[in-house]
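Peer 1: For reference, the structure I am asking about is given below.
The values are calculated or read from the model by the stated rules, or taken from the named source; none is laboratory data. Keep in mind that what you see is a predicted model, and the values were worked out from it rather than measured. When we count neighbours, we look across all protein chains shown, and the Cβ atoms used for this are built from the backbone with ideal geometry, even at glycine.
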Amino acid sequence: MNEQHDIITAFSEMAPRYECLMNDELHRFWGFSYEGFLNQVLSTFDPEPGDLILDIATGTGFIPGYLAKERKKFGIIVGLDITFKMLQHARRREVSGDGKNRLLLVCASAHEMPFKENTFDRIICCLATHHMQASALLINVYHALKPGGRVVIADAGGSSKWKNLIIKSLVKAGAYVYFLLAENYSRAVAESSAIANIYTSTEWAGLFATKKFHDIHVQQLKSRRFYAPDPMIIKAQK
């Protein structure tokens, strides 16, 4: 509960500058712009015209806006986020087609998603799983996906070396100090606490398999900095 409070506090403060901040941080650590990273993540994301899509941790609605800009055809996209102030900024996003707004916003936790079983054709979660419990997330994703539905998750990937308690403690301390100096206390607490939720490609594949997903593909990109975790893209089907 305290961790969730820290996340909401941190991202509420970040909301007005979130997209610029993500653009700067992704470029600094991974060598991608925010939009450039999404190009990598969603290059093969081709929904059908009537598809219902869920964007978990939608933030300011950048991904729905990106899909609309790229003229991806879909029915409606639901943007879910735990931080209400982020969604207030997402409300300004233009995601329209056929004269209708195709973006619906829901303020809720990814651990307790308020959707019926077999609702969505596609689910996306980008740059957020390190703030979640992967097992609970995947259970809810599986529940919400229609049979045959697909999920795309992209985030930082962990190293097997992080299993060493000393190394893990150093990584956590480094994240805390960096974000304390670069940002503020709430961001430092949120990001350092998130280290425990960063998994290797093998661990992610295993987590998806145990939750009954199939056709699992894990792609690991290369970060710009040797000390930064490599970005990872996982795709799977229900």
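Peer 1: (1) at negative phi; (2) touching a residue at least 24 places away in the same chain (Cβ under 8 Å); (3) of a type in the set (Gly, Ala, Ser): which one isn't true of residue 61, the others all being true?
Peer 2: (1)
Peer 1: Looking only at helices (runs of 4 or more DSSP H) that lie completely in region 1-81, which have at least 3 residues being polar (S, T, N, Q)?
Peer 2: Numbers: elements: 2-14, 18-30, 34-41, 62-69.
Qualifying helices (runs of 4 or more DSSP H): 2-14.
Peer 1: All but one of (1) touching a strand residue (DSSP E or B) at 6+ places or on another chain (Cβ under 8 Å); (2) surrounded by 19 or more Cβ atoms within 10 Å (Cβ to Cβ) hold for residue 40, so report the exception by its number.
Peer 2: Condition not satisfied by residue 40: (2).
Peer 1: A follow-up question, please. Here are some conditions: (1) closer than 24 Å to residue 232 by Cα; (2) part of a helix (DSSP H, G or I). Residue 87 meets all but one. Which one does it not meet?
Peer 2: (1)
Peer 1: If you scan region 200-225, which residues turn out to be surrounded by fewer than 20 Cβ atoms within 10 Å (Cβ to Cβ) and more than 14 Å from residue 156 (Cβ to Cβ)?
Peer 2: 202, 205, 206, 207, 209, 210, 211, 212, 214, 215, 216, 217, listed by residue number.
Peer 1: Starting from region 170-189, take each residue that is touching a residue at least 40 places away in the same chain (Cβ under 8 Å) and list its partners that are in a helix (DSSP H, G or I), counting only C-beta distances under 7 angstrom and pairs at least six apart or across chains.
Peer 2: Correct list of pairs: 184/13; 186/6; 186/9; 186/10; 186/13; 187/10; 187/179; 189/6.
Peer 1: Quick check on my filter: what residues within region 34-58 are out of contact with any Gly (no Cβ under 8 Å at 6 or more places or on another chain), of a type outside the set (A, V, I, L, M) and closer than 22 Å to residue 87 by Cα?
Peer 2: Selection gives 34, 35, 37.
Peer 1: Does residue 168 count as touching a Lys or Arg at 6+ places or on another chain (Cβ under 9 Å) and either among the hydroxyl-bearing types (Ser, Thr, Tyr) or modelled with pLDDT under 90 (or both)? So that I can check it myself, show each step before the final result.
Peer 2: Details: touching a Lys or Arg at 6+ places or on another chain (Cβ under 9 Å): yes; either among the hydroxyl-bearing types (Ser, Thr, Tyr) or modelled with pLDDT under 90 (or both): yes.
When the stated conditions are applied, residue 168 passes them.
Peer 1: List, please: which pairs have Cβ atoms under 6 Å, are six or more places apart or on different chains, and start with a residue in region 212-225 that is of a type in the set (A, V, I, L, M) and end with one that is not in a loop (DSSP other than H, G, I, E, B)?
Peer 2: Sorted first by the residue in region 212-225, then by its partner, the pairs are 216/205; 216/208; 216/236; 218/201; 218/204; 218/205; 218/234; 221/231.
Peer 1: Considering 98, 24, which residue is at pLDDT below 90 and exposed (fewer than 15 other Cβ atoms within 10 Å of the Cβ)? Spell out the reasoning first.
Peer 2: Details: 24 fails: at pLDDT below 90.
Within the list 98, 24, the selection yields 98.
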